[in-house]
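The values are calculated or read from the model by the stated rules, or taken from the named source; none is laboratory data. Note that the structure is a prediction, hence the values are computed from the model and not measured. FYI the Cβ positions are ideal-geometry reconstructions off the backbone, even for glycines, and counts take in every protein chain you see. In case anyone asks, the SASA skips ligands and DNA or RNA and just uses the protein heavy atoms, side chains included. Shrake-Rupley method; radii C 1.70, N 1.55, O 1.52, S 1.80 Å.
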Amino acid sequence: MQKWKKFATAALAAMVLASVLSGCGGDKKKAADTGNTIKVGASFELTGNVANYGKAILSGFKMAADEANKTGINGKKIEVIESDNKSEPSESGNSITKLVTQNKVVAIVGPATSGCVAAGAPITASNKIPHIAPSATAPGITVDNGKVREFMFRACFIDPFQGQVMATFANNTLKVKNVAILFDSSSDYSKGLADVFQKTLEGHGGKIVAKEAFLAKDVDFKASLTKLKATNPEAIYVPGYYEEVSKIIKQAREIGITVPMLGCDGWESPKLAEIAGKDALKGCYYVSAFSAQDKDPSVQKFIAEYKAKYKAEPDIFAMQGYNAGLVLFDAIKRAGDTDGTKLAKAIAETKDLPVASGKLTFDANHNPIMPALIISLEGGTPNLVEKIAL
């Protein structure tokens, strides 16, 4: 669910660095699993703007490592090597480079955001190091110009999928046909979601009656909202992040817009309710991959074990980090080897693996096949409404 405006720039810079480093690997994979340990890298946003994402994912990943170490993997223990990318793509390249060339890890998990993952992807690819992105939703992470990246995987659904899910919910459950869109024109994440939502809704026979744009960090949205209100939409789709969305919802209610407001996983934050106000959130829905109200036994088992370990409630990011760890450690066990090519092949062959969100299988594009959840914010509290598998 991540901001990736610097995606291409970060990837280009990393490709230059990767070309320099690719010949430096030598026996790094053998060195990473000598003795009784297997070193795996964890590059995350531990400081900076999205440190809350990185820290949560790391907690879930380390929990999976601790579980694996209770019995060991192929007679060895997992050693997690942490590295802070400071929430910056440029630092992410440095972080992953250090893990690969100095710490000599056999695989990388992280970072949280698509931009930071993109900065490290060329480095892991050129060194044939499997790389799992727990929460980076940008489609280009695993597929580049129609070609699947051999060593790149993710443990979350992609942006187009959640745009399709919300449009399906709007059509099938809310029974709305005339919808307006308010999107962030400075965000590829928001623009991509808006386009997919529109195409999917129109495919269901619906209509986009109006489309307005805003910019990240804007604070006054009433002019755009007033234009949308004049078109009498039955719902408004707002693909964006909670910083702006919370103000949009608050101001929409203030000018008399009472129709449902629909969103994406970028809404996921307690601050949304704090800023928008609980009363404004009636009829607000967003897409997520995790809810503590999900009765799936795998979900409830994860929640109970996380609470026992950390004395805190897990969130979606903790779940994604845990899932990424389960995928990696299962693949190491099945591969029986930490050779990058063999390990990447084992990850790609993951099928029906029990994880914190049910069962996970990778598709041909290295994306997990998994359902999405529709969450309502009635009264300011996230509530599970529906589970949708397309």
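List of remarks:
- Amide hydrogen neighbours beyond the local backbone of Val143, cut-off 5 Å, H modeled: Arg149
- Simple label model, 7 Å out from Cα along Cβ direction - Asp66 to Asn232, nm: 5.8
- Å² of accessible area per residue within the chain, as computed with a 1.4 Å probe and no ligands counted: 40
- Dipole moment magnitude, nearest 20 debye, the range 252-390 about Cα centre, only Lys, Arg, Asp, Glu C-beta charged: 300
- Computed packing ranks the peptides 77-86, 227-236, 57-66 as 57-66, 77-86, 227-236, most packed first, by mean other Cβ atoms within 10 Å.
- Taking 7 Å steps out from each Cα toward its Cβ at Ser185 and Lys271 produces label points 2.5 nm apart.
- The chain - percent of accessible surface contributed by carbon and sulfur, probe 1.4 Å: 53
- For Asn178, net neighbour charge (Lys/Arg +1, Asp/Glu -1) across residues whose Cβ lies under 14 Å away: +3
- A simple count of charges around Phe169, restricted to other residues whose Cβ falls under 11 Å of its Cβ and scoring Lys, Arg +1 and Asp, Glu -1, yields +1.
- Length released on extending from Val143 to Asn178, taking residue separation times 0.36 nm less the Cα-Cα span: 9.3 nm
- Calculated from the alpha-carbon coordinates, the range 178-325 shows an Rg and a Dmax of 17.0, 52 Å respectively.
- Computed [θ] at 222 nm, deg cm²/dmol, the chain (DSSP H ≥ 4; -39,500 (n - 2.57); rounded to nearest 500): -13500 deg cm²/dmol
- Here the Gaussian network model covers the chain, with springs between Cα atoms less than 10 Å apart; of Leu373, Leu272, Leu215, Leu215 fluctuates the most.
- Computed magnitude of the charge dipole of the chain (debye, nearest 20; Cβ of K, R +1, Cβ of D, E -1): 340
- Percent RCO, i.e. relative contact order, over the chain, from Cα pairs under 8 Å lying at least 6 residues apart: 18
- Near Gly380: Cβ cut-off under 15 Å, other residues only, Lys/Arg at +1 and Asp/Glu at -1. The net charge is +1.
- Computed over the range 94-208, Kirkwood Rh from alpha-carbon pairs, angstrom: 15.8
- Peptides 114-120, 158-164 ranked from most to least packed by the mean count of surrounding Cβ atoms within 10 Å: 114-120, 158-164.
- The stretch between Arg334 and Glu313, if pulled fully straight at 0.36 nm per residue, gains 4.4 nm over its current Cα-Cα span.
- Separation of the range 87-145 from the range 262-335 is 23 Å, based on Cα centroids.
- Cross-link table Lys39/Lys62; Lys147/Lys359; Lys301/Lys359; Lys55/Lys247; Lys359/Lys387; Lys62/Lys309, entries beyond 18 Å C-alpha to C-alpha: Lys147/Lys359; Lys55/Lys247
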